[in-house]
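The values are calculated or read from the model by the stated rules, or taken from the named source; none is laboratory data. Quantities reported herein were computed from a predicted structural model and do not represent experimental measurements. A quick note on method: Cβ atoms are made from the backbone with ideal geometry, for glycine too, and the neighbour counts reach across all protein chains shown.
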Amino acid sequence: MSNHALENAAHALREARCAMAFTGAGISVESGVPPFRGPGGVWSKYDSGKFEKSYFRRHPDEVWPLLKEIFFDNFGRARPNPAHIALAELEGAGKLAGIVTQNIDGLHQAAGSGVVHEYHGSTRRMQCMTCRRFFDSADIPLETLPPPCPDCGGLLKPDFVFFGEGIPSNVHHAATELAKQAEVCLIIGTGGTVQPAGRIPYVVKSHGGILIEINLYDTEYSYRTSDYFLQGKAGWMTPMLVQAVLE
Ligand SMILES: [Zn+2]
């Protein structure tokens, strides 16, 4: 990466009337959240078929201990890293309108970001599949599995998107609207291989926006659409870019 690319990217962000970020697993790896795909990823150790919504409905006794282990015991220990914190600073300075994240770990909010569209939902909430009420995961004890709904005793499901389940239309709508408005989109830690989420940067691009990409390795975005590719770890490159914007 040339310093030139960093300076130009910082300039684009500084000048933008509306900027957004689009984040994926790569921003949370440095926080200790394992990626789902690839070697060493969650799906190399666990059978992803168990996280089909229909399988979960039929076998909650089998699936809930796995959910607890992967998403609550492991994720529960994760803390925001300098990349999450830098994005919260950018929002605080009025230079970031919002984040669309594919992550379900809640680390953007933990870092202090206010406008976060969680495209695939979040581990921070659960929904009862009988009475449809939502609960804060922190209020649901996981000593007995599956945990019963506090109101009706029904089956609780973590409020993230299972396989075979669609993206909540309100989240998709909000994310797409933000992408249409954004003059700059900061892509961090994602190659956009998961659809339909991966199309968000293309919405920005098709409306005349600029794409700034921070990734460890080249992606489809870097080959095809990114205006600036800042290669490096999210937790190192993001604060450097944000510092350049705000100084
Ligand atoms: Zn209920």
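What the table below lists for this structure:
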{"read-out": "Selection count where residues are closer than 21 Å to Glu118 by Cα, in contact with a Lys or Arg (Cβ under 6 Å, 6 or more places away or on another chain) and outside any strand (DSSP E or B), scope the range 128-158", "value": "2"}
{"read-out": "Failed condition for Pro150, given (1) within 18 Å of Arg58 (Cα to Cα); (2) within 9 Å of the ligand (Cβ to nearest atom)", "value": "(1)"}
{"read-out": "Residue tally, condition within 30 Å of Ala197 (Cβ to Cβ) and within 15 Å of the ligand (Cβ to nearest atom), over the range 153-163", "value": "6"}
{"read-out": "Among the residues listed as Asn103, Asn74, the single one being assigned to a helix (DSSP H, G or I) and closer than 22 Å to Gly49 by Cα", "value": "Asn74"}
{"read-out": "Selected residue (criterion: farthest from the ligand (Cβ to nearest atom)) from residues of the range 164-193 that are among the charged types (D, E, K, R) and closer than 27 Å to Leu230 by Cβ", "value": "Glu183"}
{"read-out": "Count - residues of the range 16-44 that are surrounded by fewer than 21 Cβ atoms within 10 Å (Cβ to Cβ), in a helix (DSSP H, G or I) and in contact (Cβ under 8 Å) with a residue 12 or more places away in the chain", "value": "3"}
{"read-out": "Qualifying residue in the range 45-67 (condition: in a strand (DSSP E or B) and within 25 Å of Leu230 (Cα to Cα))", "value": "no"}
{"read-out": "Residues of the range 115-127 classified as in a loop (DSSP other than H, G, I, E, B) and either within 16 Å of the ligand (Cβ to nearest atom) or closer than 20 Å to Glu69 by Cβ (or both), total", "value": "1"}
{"read-out": "Failed condition for Gly106, given (1) at positive phi; (2) within 16 Å of the ligand (Cβ to nearest atom)", "value": "(2)"}
{"read-out": "Unique match (being crowded, with 21+ Cβ neighbours inside 10 Å, farther than 30 Å from Glu247 by Cα and outside the structural domain of Val242 (by TED's automatic domain parsing)) among Phe51, Phe71", "value": "Phe51"}
{"read-out": "Odd one out for Phe134 among (1) away from the ligand (no atom under 14 Å from the Cβ); (2) among the aromatic types (Phe, Trp, Tyr); (3) more than 15 Å from the chain's Cα centre (by Cα)", "value": "(1)"}
{"read-out": "Flag if Ala88 is in a helix (DSSP H, G or I) and surrounded by 18 or more Cβ atoms within 10 Å (Cβ to Cβ)", "value": "yes"}
{"read-out": "Conditions (1) in contact with a Pro (Cβ under 7 Å, 6 or more places away or on another chain); (2) within 16 Å of the ligand (Cβ to nearest atom); (3) among the hydroxyl-bearing types (Ser, Thr, Tyr); number of the one not met by Tyr221", "value": "(2)"}
{"read-out": "Residue in the range 16-32 that is at pLDDT below 95 and farther than 20 Å from Leu230 by Cβ present", "value": "yes"}
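Conditions tested, residue by residue: (1) in contact (Cβ under 8 Å) with a residue 60 or more places away in the chain; (2) under 30 Å from Thr238 (Cα atoms); (3) of a type in the set (S, T, N, Q).
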{"residue": "Pro60", "(1), (2), (3)": "yes, no, no"}
{"residue": "Lys68", "(1), (2), (3)": "yes, no, no"}
{"residue": "Asn74", "(1), (2), (3)": "no, yes, yes"}
{"residue": "Arg79", "(1), (2), (3)": "no, yes, no"}
